[in-house]
1. Using r as the Cβ-Cβ distance of Asn197 and Thr347, and R0 as 51 Å, what FRET efficiency do you calculate, to the nearest 0.05?
2. Taking a quarter of the surface of the Cα convex hull of region 323-404, what do you get in nm²?
3. If you filter region 60-101 for trypsin sites (Lys or Arg not before Pro), then keep DSSP loop positions with at most 16 other Cβ within 10 Å, what is left?
4. Considering only Asp327, Asp135, Asp72, give the residue with the highest GNM mean-square fluctuation for the chain, with springs between Cα atoms whenever their separation is below 10 Å.
5. For region 218-375, what is the largest minus smallest coordinate of the Cα atoms on each principal axis, given in angstrom and ordered from greatest to least?
6. I'd like to know which of Ile139, Thr6, Leu173 lies farthest towards the positive end of the charge dipole of the chain, counting +1 on Cβ of Lys and Arg and -1 on Cβ of Asp and Glu.
7. In whole percent, how big is the carbon plus sulfur part of the accessible area of the chain, probe 1.4 Å, protein atoms only?
8. Once you list every other residue whose beta carbon is under 14 Å from the beta carbon of Lys298, what net charge do they have if Lys and Arg are +1 and Asp and Glu are -1?
Amino acid sequence: MQVNETLNEGLKRGYSIVVTAAELEAKVNEKLTEAQPDVEMKGFRKGKVPMALLKKQFGQRVMGEAMQESIDGAMAEHFEKSGDRPAMQPEVKMTNEDWKEGDDVNVDMTYEALPEIPELDMSKIKLEKLVVKADDAAIEEALANLAETAQDFKARKKGSKAKDGDQVVMDFLGKVDGEAFEGGAAEDFPLVLGSGNFIPGFEEQLVGVKAEEEKLVTVSFPDDYQAEHLKGKEATFECTIKEVKEPVAAEINDEMATKFGAEDLAALKTQIAERLEAEYAGASRAVMKRGLLDELDKMVDFELPPSLVEAEAGQIAHQLWHEDNPDVQGHDHPEIETTDEHTTLATRRVRLGLLLAELGQKAEVEVTDAEMTQAIMNQARQYPGQERQFFEFVQQNQQMQQQLRAPLFEDKVVDHIAEGATVTEKTVSKEDLQKAVEALEDAE
């Protein structure tokens with residue numbers, strides 16, 4: 001087998017590969033000899049079929065397999081010897097299209113090699129970590145928001161009309177064709193108007209009622225109502241309004257704290273402070289990560305495979321186009337052209353991606369099975385009721401697994417680099433942190 005270099009320009013590589021007819025024939029004979037003991041053919045005992053007959057019967061098919069294995073073997077041997085790592089799948093083309101049995105096989109292989117990544121002195125990297133403490137004002141604001149979600153209701157002044165969002169306490173009796181039906185009656189029932197808990201049209205008719213008022217509500221059950229005997233039927237409800245109550249935020253005290261699983265108000269405040277500082281830490285990490293990537297982008301420069309930059313620029317252009325055209329769900333749209341801006345961003349992403357991959361490999365950074373499982377579960381929550389199907393889909397889809405693994409790997413490499421860098425903590429306000437996060441979003 002002969003491998004000769006035909007192209008060496010920058011990262012572009014080209015090679016001609018010749019698999020001789022003798023090598024191919026030897027490979028075919030080897031494969032037929034391996035298969036011979038298991039071959040059964042009429043007129044011969046198992047394993048005793050003559051080689052000449054085997055070659056006549058199976059030679060054509062085995063020749064194709066031998067050719068492919070020989071070419072694959074030559075490529076693997078070349079990459080092992082040269083140390084080249086192709087940026088994308090090499091392009092392989094058979095050049096003697098008029099090939100016939102007994103001829104050598106001539107193949108051209110072209111690819112772009114991944115560049116050598118320069119060594120990086122992490123101790124020269126200087127980072128700033130923004131630190132925000134949960135102050136009393138932020139904790140009180142969070143408590144007030146919780147109190148709104150744990151709202152109570154208090155009676156309105158006598159004679160007040162019920163508004164959307166109010167709670168109406170009432171007795172009611174439902175009838176269909178003048179007859180009361182099972183499940184159609186209740187006493188002292190609290191109904192929040194606008195909640196959508198009752199049949200469509202029911203709650204709207206109670207807007208404006210007063211305490212001690214009687215109201216006849218007429219509605220039709222939906223055609224898809226769960227009770228078969230009520231589907232599509234018109235019903236009347238005789239309602240006696242007992243109270244009209246307005247929503248009020250729950251009082252911030254120990255009792256409210258227990259509704260959120262805390263032992264008392266002091267414990268709830270501690271929990272809120274921890275949650276807020278965890279949120280601040282997450283935002284601060286995002287800001288520091290961007291600072292780290294900016295530093296790395298300044299520190300290193302190396303030639304990039306054009307195919308990777310072109311592919312990344314195309315993906316960026318495609319994503320931005322869909323963001324500008326949210327109504328187009330599929331890919332049935334005009335061809336999207338890349339701009340210099342897309343290429344500039346793609347160049348940065350590819351350079352940093354190759355650098356982080358190299359650093360992660362040298363540091364033996366790995367994403368554990370537990371981390372992957374957690375990532376899949378987090379993603380699955382976006383599909384309520386279909387979590388199991390999503391989980392199974394990811395398990396069977398290598399590309400989807402890679403999409404989930406890539407950001408986990410990148411974050412772990414970033415943490416590794418930060419450990420070797422000089423990190424200075426800076427205490428700032430919540431507003432300053434928010435401005436830093438908004439600056440990140442504007443820069444994307």
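1. Efficiency for this residue pair is about 0.35.
2. Mean orientational projected area (region 323-404, Cα hull): 8.2 nm².
3. Filter output for region 60-101: Lys100.
4. In the Gaussian network model the winner is Asp327.
5. Sorted largest first, the three principal extents are 80, 52, 32 Å.
6. Checked the options; the winner is Thr6.
7. C and S fraction of accessible area: 47 percent.
8. Charge balance near Lys298 sits at 0.
The values are calculated or read from the model by the stated rules, or taken from the named source; none is laboratory data. Since this is a predicted model, take the numbers as computed values, not measurements. Because the Cβ atoms are built from the backbone with ideal geometry, glycine has one as well, and the counts that use them run over all protein chains shown. The protein model used for the area step is the full one, side chains on, heavy atoms only, and it has no ligands, DNA or RNA in it. Shrake-Rupley method; radii C 1.70, N 1.55, O 1.52, S 1.80 Å.
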